[in-house]
Amino acid sequence: EAEVAQSPRYKITEKSQAVAFWCDPISGHATLYWYRQILGQGPELLVQFQDESVVDDSQLPKDRFSAERLKGVDSTLKIQPAELGDSAMYLCASSLDLLGSGANVLTFGAGSRLTVL
Amino acid sequence: AQTVTQSQPEMSVQEAETVTLSCTYDTSESDYYLFWYKQPPSRQMILVIRQEAYKQQNATENRFSVNFQKAAKSFSLKISDSQLGDAAMYFCALGGSQGNLIFGKGTKLSVKP
């Protein structure tokens, strides 16, 4: 069964350091999402790509976060510098199409858990 | 703004019994989808069930069914014959107009043997 691959699974870093997360969506999925999930809460969208284009990055803290999907396939999410409040699970998901009615079924990866000390 | 509210942070059920998880939502869209996702401990989130708002018939997937009340903007999940493997965080989600999902805060379900 096809999966969304994410790495690393776990990352511990000190504040002010740079961190990067990688995501490889299911082959053929045009839409890719990065979500942040703080412990005990639901995931919140950070950025959404359609192919290589950003559809929505309104909740991405652009002073320290960046995301790219250069060839419209895999994607990287970067944080620089990391802050204590960035400790969370970073989830990547993909879906086949961008449908306006919100019908998309998202397939999630296992996530990357970040701890900032 | 689109919002999803889950008012039960934790629920518990005896194995083989039935449990219902609650969810309310708000949207100005006339056509939308609602989802329940399951997140087992240290494992990835998986889709449990999906409901199309224009369909009056409640969705069912094996032991999982929903009670969709469009006028009340309510979307509850019923798990019948609960199994130990059902223990997880359950998230209610609303399909946004851009194709993304708006999640509630989740309900932690424990299943007692």
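The values are calculated or read from the model by the stated rules, or taken from the named source; none is laboratory data. Because the structure is a prediction, the values reported are computed rather than measured. No Cβ is skipped: glycine too gets one built from the backbone with ideal geometry, and neighbour counts run over all protein chains shown. Note: accessible area is taken over every heavy atom of the protein model, side chains too, but ligands, DNA and RNA are not part of it. Shrake-Rupley method; radii C 1.70, N 1.55, O 1.52, S 1.80 Å.
Table: residues versus (1) crowded, with 17+ Cβ neighbours inside 10 Å; (2) part of a strand (DSSP E or B); (3) of a type in the set (Ser, Thr, Tyr).
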{"position": "B:4", "(1), (2), (3)": "yes, yes, no"}
{"position": "B:13", "(1), (2), (3)": "yes, yes, no"}
{"position": "B:17", "(1), (2), (3)": "no, no, no"}
{"position": "B:20", "(1), (2), (3)": "no, yes, yes"}
{"position": "B:43", "(1), (2), (3)": "no, no, no"}
{"position": "B:56", "(1), (2), (3)": "no, no, no"}
{"position": "B:78", "(1), (2), (3)": "no, yes, no"}
{"position": "B:85", "(1), (2), (3)": "no, no, no"}
{"position": "B:93", "(1), (2), (3)": "yes, yes, no"}
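Going residue by residue through the range A:28-47, is there one that turns out to be open to solvent by 60 Å² or more (accessible area, probe 1.4 Å) and of a type in the set (D, E, K, R)? Within the range A:28-47, one or more residues are open to solvent by 60 Å² or more (accessible area, probe 1.4 Å) and of a type in the set (D, E, K, R). Pairs are defined by a Cβ separation below 6 Å, a sequence spacing of at least 6 or placement on different chains, a first member in the range B:80-96 that is within 13 Å of chain A (Cβ to nearest Cβ) and touching a residue at least 24 places away in the same chain (Cβ under 8 Å), and a second member that is among the aromatic types (Phe, Trp, Tyr) and not in a strand (DSSP E or B); the pairs so defined are B:95/B:32. Within the range B:60-76, the set of residues being over 15 Å from residue B:25 (Cβ atoms) and part of a loop (DSSP other than H, G, I, E, B) comprises B:62, B:63. For residue A:95, the criteria (1) surrounded by fewer than 18 Cβ atoms within 10 Å (Cβ to Cβ); (2) under 22 Å from residue B:38 (Cβ atoms) hold in every case but one, which is (1).
Going through (1) open to solvent by less than 80 Å² (accessible area, probe 1.4 Å); (2) more than 10 Å from chain B (Cβ to nearest Cβ); (3) assigned to a strand (DSSP E or B) one by one, residue A:12 falls short only on (1). Checking each residue in the range A:48-62 for being in a loop (DSSP other than H, G, I, E, B) and open to solvent by less than 30 Å² (accessible area, probe 1.4 Å) picks out only A:60. Counted as qualifying within the range A:68-117 are the strands (runs of 3 or more DSSP E) with 3 or more residues that are away from chain B (no Cβ under 14 Å) and more than 22 Å from residue B:42 (Cα to Cα), namely A:75-79. Close Cβ contacts (under 6 Å, 6 or more residues apart or on different chains) running from residues in the range A:63-80 that are open to solvent by 80 Å² or more (accessible area, probe 1.4 Å) to residues that are among the hydroxyl-bearing types (Ser, Thr, Tyr) comprise A:78/A:66. In the condition set (1) at pLDDT below 95; (2) at positive phi, residue A:16 is compliant with all but (1).
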